[in-house]
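For reference, the structure is listed below as structure tokens.
The values are calculated or read from the model by the stated rules, or taken from the named source; none is laboratory data. Note that this is a predicted model, so its numbers are computed, not measured. Note: ideal-geometry Cβ built from the backbone for every residue, glycine included; neighbour counts use all protein chains shown.
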Amino acid sequence: MIPRSGDDAARTAGWRKIEEIDGVLAAGRLGEDGWYDAARAVLEDADLATDDPYAQSGMRADATRWERGRRPIAEGINRNGTFLDVGCANGLLMESIVGWVAADGHHVEPYGLD
């Protein structure tokens, strides 16, 4: 992968670090708890390397592409309730879902787990 910008360079460096952590785990020099801690730190650094909320959420997109790719989730919500986003990153999907279902006359209480 050829980095196209500073954000892409940070992402590429992050994936290289994850590969290194995977290798240390595979070699038995790191336990699963240590792997999760190290991977979380790498992913947090990569997500926070940009001010772009779409990139922070894990998708490089503009608002139109974001909505086109995520709005179908909201279309499956046909009543009031709760919404759980597992792997919520910066919470943009939860925020988007709340707005989209409200436009359809429904209310959801968002919860996120990252």
| task | List every residue pair whose Cβ atoms lie under 9 Å apart, where the two residues are 6 or more positions apart in sequence or sit on different chains, the first residue falls within the range 103-114 and is within 10 Å of Cys88 (Cα to Cα), and the second residue, located anywhere, is of a type in the set (S, T, N, Q) and surrounded by 13 or more Cβ atoms within 10 Å (Cβ to Cβ). | result | Asp114/Asn90
| request: Could you please give the count of residues in the range 52-80 that are modelled with pLDDT of 85 or more, outside any helix (DSSP H, G or I) and over 19 Å from Leu113 (Cβ atoms)? | output: 6
| task | Please tell me if Ala89 is surrounded by 15 or more Cβ atoms within 10 Å (Cβ to Cβ), within 30 Å of Glu19 (Cβ to Cβ) and not assigned by TED's automatic domain parsing to the domain that holds Gly14. | result | yes
| request: Taking the residues in the range 23-33 that are aliphatic (A, V, I, L, M) and part of a helix (DSSP H, G or I) as candidates, determine which candidate is surrounded by the most Cβ atoms within 10 Å (Cβ to Cβ). | output: Leu25
| query | When Ile97 is evaluated against the numbered criteria (1) modelled with pLDDT under 95; (2) among the hydrophobic types (A, V, I, L, M, F, W, C); (3) out of contact with any Asp or Glu (no Cβ under 7 Å at 6 or more places or on another chain), which criterion, by number, is the only one it fails? | reply | (1)
| query | Within the range 34-51, is even one residue more than 19 Å from the chain's Cα centre (by Cα), part of a loop (DSSP other than H, G, I, E, B) and modelled with pLDDT of 90 or more? | reply | no
| said: Step by step: first the residues of the range 55-71, then only those that are within 17 Å of the chain's Cα centre (by Cα) and more than 24 Å from Thr12 (Cα to Cα), then the one that is surrounded by the most Cβ atoms within 10 Å (Cβ to Cβ). Which residue is that? | reply: Arg70
